[in-house]
Amino acid sequence: MKSLNLYDERDIRFEESPEPVIEQADDVIVRVKAVGICGSDLSRYKKLGPYVEGMTFGHEFAGEIAAVGAGVEDIKVGDRVAGCPTYYCGKCLSCQKGELSRCEKLTVIGARHPGAYAEYVKLPAAHIVPLPDHVDYDTAALIEPSSVVAHGFYRTTIQPGAEVAIMGCGSIGLLSIQWAKIFGAKKVYAVDIDETKLEVAKQVGADVLINSLEKPAHEQILDYTNGQGVDLAVESAGSPITSAQVFALPKKGGEVVFMGIPYADIHIERFYFERIVRNELRVLGSWNAISAPFPGREWRSSVHYMSTGQINVKPMISHQLDLKEGPETFEHLVNRRGSYVKVLFYPERG
Ligand SMILES: [Zn+2]
Ligand SMILES: [Zn+2]
């Protein structure tokens, strides 16, 4: 089958790989209909991290069931599904406490298990998320990033009527805008330095667009909120700069949740660090997207809100490509060439 395999730093290849076969009674094989590029794929492409040479990567996908093991009962060939790509160990202390996203051995397909940049991908049946008929494959391919965002929001204490600022309007930020509304936000401020991304932020429901190149984000937010700040600020840019600046956005007693991962040291200027202390902020980390019972309410809620249209990923999809365009697309992305938001591949097209 056609696949994209990772060999080395900035070396992915479009090539033939063996098709997965059913080995365990609970194995399920999915014919991949759409698979997205994740920010974490890009950092793996640049810096590797845990991987096996020649491994098929990619983990944000949806498709159709192609085969099931003998022990699989409620899933049948032809079913439309998405899949949770994350494995937990089930044995460590966090797993025993039901805190699955804190598992010591958390791993995602595309690292140690073959991933979804391929015509077929294999997962245990417990990872399969059935789709209602009217949730299409493009939408469902974003169930993993949507669940990552939902996981972060479940960590917060957001209440209906809240004002929320989203720092960074890539895929995670654009989904955060929509989840903020689902969690009851009355007003969502979208912050970015890229006008194209701010335009998409508006299309997915942001109420106020803030270009932080013009004036620091916190000054603009304070103007809009009578000098108070927001109830919740989401760091979704994953940059060392915004990871410090985000502390100036919440009101006293407000919250910050980190959903981005800056792959660099963060230097926090005194002004921003003091906001944590003086404003008595609650600062929350958020990792992955799974919870008990596995895969968790993040996934069930994502499917639900995708089916109602409250999560609309269509404006986020900037590129719809063949798998063979993978190697050049990854190079464009690391060189920041072109205006990419979410890239989807269609492995069946080749
Ligand atoms: Zn992802
Ligand atoms: Zn564990």
May I ask you to list the residues in segment 214-236 that are assigned to a loop (DSSP other than H, G, I, E, B) and modelled with pLDDT of 95 or more? Lys215, Pro216, Thr225, Asn226, Gly227, Gln228, Gly229, Ser236
Tally, over segment 55-71, of residues that are part of a loop (DSSP other than H, G, I, E, B) and surrounded by 20 or more Cβ atoms within 10 Å (Cβ to Cβ): 3
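Conditions tested, residue by residue: (1) among the β-branched types (Val, Ile, Thr); (2) under 23 Å from Ala82 (Cβ atoms); (3) assigned to a loop (DSSP other than H, G, I, E, B).
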{"residue": "Val257", "(1), (2), (3)": "yes, no, no"}
{"residue": "Ile266", "(1), (2), (3)": "yes, no, yes"}
{"residue": "Ala289", "(1), (2), (3)": "no, yes, yes"}
{"residue": "Tyr305", "(1), (2), (3)": "no, yes, no"}
Within segment 46-72, the residues that are at pLDDT below 90, more than 16 Å from ligand 2 (Cβ to nearest atom) and of a type outside the set (Gly, Ala, Ser) are Lys46, Lys47, Leu48, Tyr51, Val52, Glu53
Cβ-Cβ under 7 Å, sequence separation 6+ or interchain: first residue in segment 91-104 and more than 18 Å from His151 (Cβ to Cβ), partner within 16 Å of ligand 1 (Cβ to nearest atom). Which pairs? none
Restricting to segment 88-109, count the residues that are more than 14 Å from ligand 1 (Cβ to nearest atom) and either part of a loop (DSSP other than H, G, I, E, B) or under 19 Å from the mean Cα position of the chain (by Cα) (or both). 13
Subset of segment 23-64, residues farther than 23 Å from Gln320 by Cβ and β-branched (Val, Ile, Thr), comes to Val28, Ile29, Val52
Please state which of the following conditions Tyr51 fails to meet, knowing it meets all the rest: (1) within 16 Å of ligand 1 (Cβ to nearest atom); (2) touching a Lys or Arg at 6+ places or on another chain (Cβ under 7 Å); (3) part of a strand (DSSP E or B). (3)
Kindly list the number of the only condition in (1) within 16 Å of ligand 2 (Cβ to nearest atom); (2) surrounded by 19 or more Cβ atoms within 10 Å (Cβ to Cβ) that fails for Arg102. (2)
Please verify whether segment 73-93 includes one or more residues that are charged (D, E, K, R), within 16 Å of ligand 2 (Cβ to nearest atom) and modelled with pLDDT under 95. no
Among what's in segment 2-34 and is surrounded by 18 or more Cβ atoms within 10 Å (Cβ to Cβ) and aliphatic (A, V, I, L, M), pick the residue that is nearest to His127 (Cα to Cα). Val28
Residue match in segment 110-118 (condition: within 14 Å of ligand 1 (Cβ to nearest atom), in a helix (DSSP H, G or I) and hydrophobic (A, V, I, L, M, F, W, C)): no
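The values are calculated or read from the model by the stated rules, or taken from the named source; none is laboratory data. Worth saying up front: this structure is predicted, and the values here are computed from it rather than measured. Heads up, the Cβs are rebuilt from the backbone with ideal geometry, glycines too, and the neighbour counts pull from every protein chain shown.
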